[in-house]
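**Q** Okay, handing you the structure first.
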Amino acid sequence: MTFDDSTLSPPLAQKNEKKDSHHGIERTDYYGWLRDDNWQEVMRDPSVLDPKIRDFLEQENAYQTALMENTKTKQSELFEEMKGRIKQDDSSVPMIDGEWAYGVSYVEGGEQPRFVREPAAGGKQQMLLDGDETAKGKKYFRIGGCSHAPNHELISWSFDDKGSEYFTIQFRKMPDGSPLMDQLSDTGGGGVWSNDSNSLLYGRLDENHRPSKVFHHTLGTKQADDLLIYEEKDPGFFMGVGKTQSENFFIIDIHDHQTSECWLIPGDDPTAKPRLIAARETGIEYSVDEGAGTLYILTNKDGAEDFKIVTAPADNSGPDNWQDLIPHKAGRMIIDHCIFSNHLVWLERENGLPRIVVRKLESGEEFAIDFDEEAYALGLTGAYEFDTNIIRFSYSSMTTPSQTFDFNMETRERVLRKTQEVPSGHDPADYVTRRIIAPAHDGAEIPVTLLYRKDTPLDGTAPCLLYGYGSYGMSMPAGFNTNSLSLVDRGFIYAIAHIRGGKEKGFAWYEAGKREFKTNTFKDFISSADHLIAENFTAKGKIVAHGGSAGGMLMGAVSNMQPDLFAGIIAEVPFVDVLTTMLDDTLPLTPPEWPEWGNPIASKEDYETIAAYSPYDNVSAQDYPPILAIGGLTDPRVTYWEPAKWVAKLRELKTNNNPVLLKTNMDAGHGGSAGRFQHLEEVAFSYSFAIKTVGLL
């Protein structure tokens, strides 16, 4: 045991009996009082938090600060290492759009990005938005985006200064950056410009933090006068607005985790009545791009569980007119697609690895952009322009720093435009990246990506940080992460378990880790840990488990199921109070999440399924490893009271002296601090906890 909680008196939360009953099942929640009744107001103004709750959270913060006091030097050391791997005055490769090329840069010591442009033919750079300047005096500040108008004379940009993801949109005139008077509040992020650059469409959040309405705003008018374009009445659906690559159409995209519906609006006529592409049909997903009057639709319709691409006329887009272009192939998951004047491009994943495929529209000829490493990450950036043969993509692996390429789809020439710099030095030859396969409890094969130094002994003596997520069909990329090097250079093996619930092995891999099969996700993580032990990469009691959000739910579940397997648990913004949250339809994400987890309000079977694994509900009187839980006061996704309640219950019931720590960021939400160096301080804190739990401090 590397440290315990017997030297300090941890906060003990007051127990207030709160009962609820569903489907004839009664449940008592003694820590439900930590949910402030006015949580919606707290999202907008954290100062209105109930003083009793604030006092408890601050006691917890004081306790974890005291217990981690002897890691302060290590935190500073880790922070300086991580900071040293960042090129402080870094900048992106500008991307051409007409006569201008747009990019992002940072200044030495700067926390926030600067949005810039320069003439495409070469010339002096212009500042569009200085993030550091706009963030002055703010405890929290996050830029949601910066978008230039088609005429290149205006920009719209958005910011969140609470961490609650209520974004405000503002406007500036180019080239001098003078602000316009227009201001749009309570938005979900940036707006989308009309083709004439005089107006834009944007989504607005309701009182429960749901994007339920799309409005049209004309520059120079008040937000109160904006025209309602579309309203989504069903609280179970997310909604967003975008634009096709051709800019011929706006797209209103409506979806939950299993069903889609899209509407088209002409880019030249943003106040036109939206036109439906295909009505929502439970279990059918689709996304749309357009070129030359043809829609290119990525869909799972007609049993294409790993998705296919179909075409339809833009003016007659009903499903009866959908024609297969790229047929379904089981096990090959098509992730994203984009249409250009002469080419169709898509990103797919097969056998856990991504690749980019290009199809020439005229001839139908297809080819893939190939890569050699055993495990890697790939990102398709695309292009601003529609009539182009040049697309951009990024490539990295656990050992290879990120590389930015421009690729000519006609000549197949690949031009390296930028390699991520590591100022403090990085030699890929010093490291090994591997993809191994762990056997699951039921015979499934779980890919696990590893990173370690070449000189790390593989005899079971190395500590390991094992990361997992396994929800919403999200795949965990095996990309370059400079922060992980701080663990690897100290002898850790850094591992990513590509467990069921993600789509690393296709849609079936996702389906096998959701709803009634959710426990496969947790068992896969444990099987991955067991395999690492069996193969002598590490040993029992030397593994630190790490996950965030739904991955934090994973952390809570495995700590209940097999606590003696782990040296420590790091659960960031952990979704651990699953049953209570799914029973509360006033919370921002609850109705849209029912397809993912089940609806325990309507279904007794769903209630019992969730109750059987929900981490908070299954905390029991047993020994637990050291646990670090991290929350954000204004988090609208995983509310602050979930980790707070979980920690209170763990501390009440655990039967040993291993500490349970709660760190609540009182000035941030789901993503933690928004500044790039502030974020590194948070990573350094978590990693120092990991180092301490395995006895290396």
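The values are calculated or read from the model by the stated rules, or taken from the named source; none is laboratory data. A quick note: this is a predicted structure, and the numbers were derived from the prediction, not measured. For neighbour counting, all protein chains shown are included, and Cβ atoms are generated from backbone atoms with ideal geometry for every residue, glycine included.
**Q** Say we look at the stretch 540-581 and pick out the residues that are among the hydroxyl-bearing types (Ser, Thr, Tyr) and more than 19 Å from the chain's Cα centre (by Cα); which of these is surrounded by the most Cβ atoms within 10 Å (Cβ to Cβ)?
**A** Of the residues in the stretch 540-581, the ones among the hydroxyl-bearing types (Ser, Thr, Tyr) are 549, 559, 580-581.
Retained after the next criterion (residues that are more than 19 Å from the chain's Cα centre (by Cα)): 559, 580-581.
Values: Ser559: 27, Thr580: 22, Thr581: 23.
So, considering only residues that are among the hydroxyl-bearing types (Ser, Thr, Tyr) and more than 19 Å from the chain's Cα centre (by Cα), the one surrounded by the most Cβ atoms within 10 Å (Cβ to Cβ) is Ser559.
**Q** Does the stretch 647-655 contain at least one residue that is under 25 Å from the mean Cα position of the chain (by Cα), part of a helix (DSSP H, G or I) and either at negative phi or not assigned by TED's automatic domain parsing to the domain that holds Ala62 (or both)?
**A** So far as the stretch 647-655 goes, yes, one or more of its residues are under 25 Å from the mean Cα position of the chain (by Cα), part of a helix (DSSP H, G or I) and either at negative phi or not assigned by TED's automatic domain parsing to the domain that holds Ala62 (or both).
**Q** Same structure, new question: Keeping to the stretch 599-627, report how many residues are part of a loop (DSSP other than H, G, I, E, B) and either aromatic (Phe, Trp, Tyr) or farther than 24 Å from Lys654 by Cα (or both).
**A** Initially, the stretch 599-627 is screened for residues part of a loop (DSSP other than H, G, I, E, B), giving 599-603, 614-615, 619-626.
Of the ones still in play, those that are also either aromatic (Phe, Trp, Tyr) or farther than 24 Å from Lys654 by Cα (or both) are 599-603, 624.
Total satisfying the criteria: 6.
**Q** I've got another one for you. Would you say Ala135 is at pLDDT 95 or above, out of contact with any strand residue (DSSP E or B) (no Cβ under 7 Å at 6 or more places or on another chain) and crowded, with 18+ Cβ neighbours inside 10 Å? It would help to see each step written out before you state the result.
**A** Details: at pLDDT 95 or above: yes; out of contact with any strand residue (DSSP E or B) (no Cβ under 7 Å at 6 or more places or on another chain): yes; crowded, with 18+ Cβ neighbours inside 10 Å: yes.
Yes: the conditions hold for Ala135.
**Q** Give the number of residues within the stretch 331-347 that are surrounded by fewer than 20 Cβ atoms within 10 Å (Cβ to Cβ), modelled with pLDDT of 95 or more and not in a strand (DSSP E or B).
**A** Count: 2.
**Q** Further question: All but one of (1) without any contact (Cβ under 8 Å) to a residue 40 or more places away in the chain; (2) over 28 Å from the mean Cα position of the chain (by Cα) hold for Arg414; state the number of the condition that does not hold.
**A** Failing condition for Arg414: (1).
**Q** Filter the stretch 587-600 for residues that are touching a strand residue (DSSP E or B) at 6+ places or on another chain (Cβ under 7 Å) and surrounded by fewer than 22 Cβ atoms within 10 Å (Cβ to Cβ) and give the result. I'd like the intermediate steps shown before the answer.
**A** Quick first cut of the stretch 587-600, residues touching a strand residue (DSSP E or B) at 6+ places or on another chain (Cβ under 7 Å) only: 592, 600.
Pro592 - this is the single residue of the stretch 587-600 that is touching a strand residue (DSSP E or B) at 6+ places or on another chain (Cβ under 7 Å) and surrounded by fewer than 22 Cβ atoms within 10 Å (Cβ to Cβ).
**Q** Sticking with this structure for a sec: Would you mind telling me which numbered condition in (1) among the small types (Gly, Ala, Ser); (2) in contact with a strand residue (DSSP E or B) (Cβ under 9 Å, 6 or more places away or on another chain); (3) surrounded by fewer than 20 Cβ atoms within 10 Å (Cβ to Cβ); (4) in the same structural domain as Gly145 (by TED's automatic domain parsing) Gly32 fails?
**A** Looking at each condition in turn, Gly32 falls short on (4).
**Q** Can I ask one more? Spot the failing condition for Asp584; the list is (1) farther than 20 Å from Met474 by Cβ; (2) surrounded by 21 or more Cβ atoms within 10 Å (Cβ to Cβ), and only one is missed.
**A** Result: Asp584 fails condition (2) only.
**Q** Output the residues belonging to the stretch 107-137 that are of a type in the set (Asp, Glu) and touching a residue at least 60 places away in the same chain (Cβ under 8 Å).
**A** So in the stretch 107-137, the residues of a type in the set (Asp, Glu) come out as 108, 111, 118, 130, 132-133.
Result: Glu111, single match.
**Q** Right, next: Please determine whether any residue of the stretch 317-326 is buried (at least 18 other Cβ atoms within 10 Å of the Cβ) and assigned by TED's automatic domain parsing to the domain that holds Glu410.
**A** no
**Q** Are any of the residues in the stretch 410-417 at pLDDT below 95 and not assigned by TED's automatic domain parsing to the domain that holds Gly506? Give the steps one after another, and end with the answer.
**A** Keep residues of the stretch 410-417 that are at pLDDT below 95, which gives none.
No, the stretch 410-417 contains no residue that is at pLDDT below 95 and not assigned by TED's automatic domain parsing to the domain that holds Gly506.
**Q** Further, regarding this structure: Mind checking which residues of the stretch 31-53 are assigned to a helix (DSSP H, G or I) and either farther than 23 Å from Lys138 by Cα or in contact (Cβ under 8 Å) with a residue 40 or more places away in the chain (or both)? Can you show your working first?
**A** Kept after step one, since they are assigned to a helix (DSSP H, G or I), are these residues of the stretch 31-53: 32-34, 39-44, 46-48, 51-53.
Listed by number, the residues that qualify are Gly32, Trp33, Leu34, Trp39, Gln40, Val42, Met43, Arg44, Pro46, Lys52, Ile53.
Rundown of residues vs (1) on the phi < 0 side of the Ramachandran plot; (2) modelled with pLDDT under 95, yes/no style:
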residue: Leu589; (1), (2): yes, yes
residue: Pro592; (1), (2): yes, yes
residue: Gly598; (1), (2): no, no
residue: Ile601; (1), (2): yes, no
residue: Tyr607; (1), (2): yes, no
residue: Ala612; (1), (2): yes, no
residue: Tyr624; (1), (2): yes, no
residue: Gly631; (1), (2): yes, no
residue: Arg637; (1), (2): yes, yes
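**Q** Restricted to the stretch 28-46, and to residues that are modelled with pLDDT of 95 or more and more than 25 Å from the chain's Cα centre (by Cα), which residue is farthest from Pro11 (Cα to Cα)?
**A** For the stretch 28-46, the residue satisfying everything is Thr28.
**Q** Which condition does Ala272 not pass, out of (1) in contact with a Leu (Cβ under 6 Å, 6 or more places away or on another chain); (2) not in a strand (DSSP E or B), if it passes all the others?
**A** If we test Ala272 against (1) in contact with a Leu (Cβ under 6 Å, 6 or more places away or on another chain); (2) not in a strand (DSSP E or B), just (1) comes out false.
**Q** Right, here's the next one. Of all residues being over 16 Å from Pro313 (Cβ atoms) and β-branched (Val, Ile, Thr) in the stretch 252-292, which is surrounded by the fewest Cβ atoms within 10 Å (Cβ to Cβ)? Just the residue, please.
**A** Only one residue tops the list, namely Thr282.
**Q** Sticking with this one: So for the stretch 306-314 (the condition being at positive phi, surrounded by 15 or more Cβ atoms within 10 Å (Cβ to Cβ) and among the aromatic types (Phe, Trp, Tyr)), does at least one residue qualify?
**A** In the first step, residues of the stretch 306-314 are kept if they are at positive phi; the result is 307.
Those left that are additionally surrounded by 15 or more Cβ atoms within 10 Å (Cβ to Cβ): 307.
Within this subset, residues satisfying the condition of being among the aromatic types (Phe, Trp, Tyr) are 307.
Within the stretch 306-314 (the criterion being at positive phi, surrounded by 15 or more Cβ atoms within 10 Å (Cβ to Cβ) and among the aromatic types (Phe, Trp, Tyr)), the answer is yes, since at least one residue qualifies.
**Q** Of the numbered conditions (1) assigned to a strand (DSSP E or B); (2) out of contact with any strand residue (DSSP E or B) (no Cβ under 7 Å at 6 or more places or on another chain); (3) not aromatic (Phe, Trp, Tyr), Ala368 satisfies every one except a single condition; which is it?
**A** That leaves (2) as the condition not met.
**Q** All but one of (1) aliphatic (A, V, I, L, M); (2) surrounded by fewer than 19 Cβ atoms within 10 Å (Cβ to Cβ); (3) over 30 Å from Gly103 (Cβ atoms); (4) touching a helix residue (DSSP H, G or I) at 6+ places or on another chain (Cβ under 8 Å) hold for Val422; which doesn't?
**A** All conditions are met except number (3).
**Q** When you check Gln245 against the structure, is it of a type outside the set (Lys, Arg), crowded, with 18+ Cβ neighbours inside 10 Å and more than 22 Å from the chain's Cα centre (by Cα), yes or no? If you could, list the steps in order and put the result at the bottom.
**A** Working: of a type outside the set (Lys, Arg): yes; crowded, with 18+ Cβ neighbours inside 10 Å: yes; more than 22 Å from the chain's Cα centre (by Cα): yes.
Here the answer is yes, as Gln245 does meet what is asked.
**Q** Among strands (runs of 3 or more DSSP E) lying entirely in the stretch 177-259, which contain 3 or more residues that are polar (S, T, N, Q)? Even if it seems obvious, please write down each step before you answer.
**A** Numbers: elements: 178-187, 199-205, 211-218, 227-231, 238-243, 249-255.
Result: 178-187.
**Q** Got at least one residue in the stretch 68-85 being surrounded by fewer than 20 Cβ atoms within 10 Å (Cβ to Cβ), in contact with a Pro (Cβ under 6 Å, 6 or more places away or on another chain), modelled with pLDDT of 95 or more and not small (Gly, Ala, Ser)?
**A** No: zero hits.
**Q** Another question, if that's okay. Go through the stretch 260-269 and give me each residue that's assigned to a loop (DSSP other than H, G, I, E, B) and closer than 23 Å to Leu344 by Cβ.
**A** Gly267
**Q** Quick check on my filter: what residues within the stretch 459-471 are touching a strand residue (DSSP E or B) at 6+ places or on another chain (Cβ under 8 Å) and either not in a strand (DSSP E or B) or not assigned by TED's automatic domain parsing to the domain that holds Arg637 (or both)? I'd like the intermediate steps shown before the answer.
**A** So the first thing to find is which residues in the stretch 459-471 are touching a strand residue (DSSP E or B) at 6+ places or on another chain (Cβ under 8 Å), and the list is 462-471.
Those that are touching a strand residue (DSSP E or B) at 6+ places or on another chain (Cβ under 8 Å) and either not in a strand (DSSP E or B) or not assigned by TED's automatic domain parsing to the domain that holds Arg637 (or both): Ala462, Pro463, Gly468, Tyr469, Gly470, Ser471.
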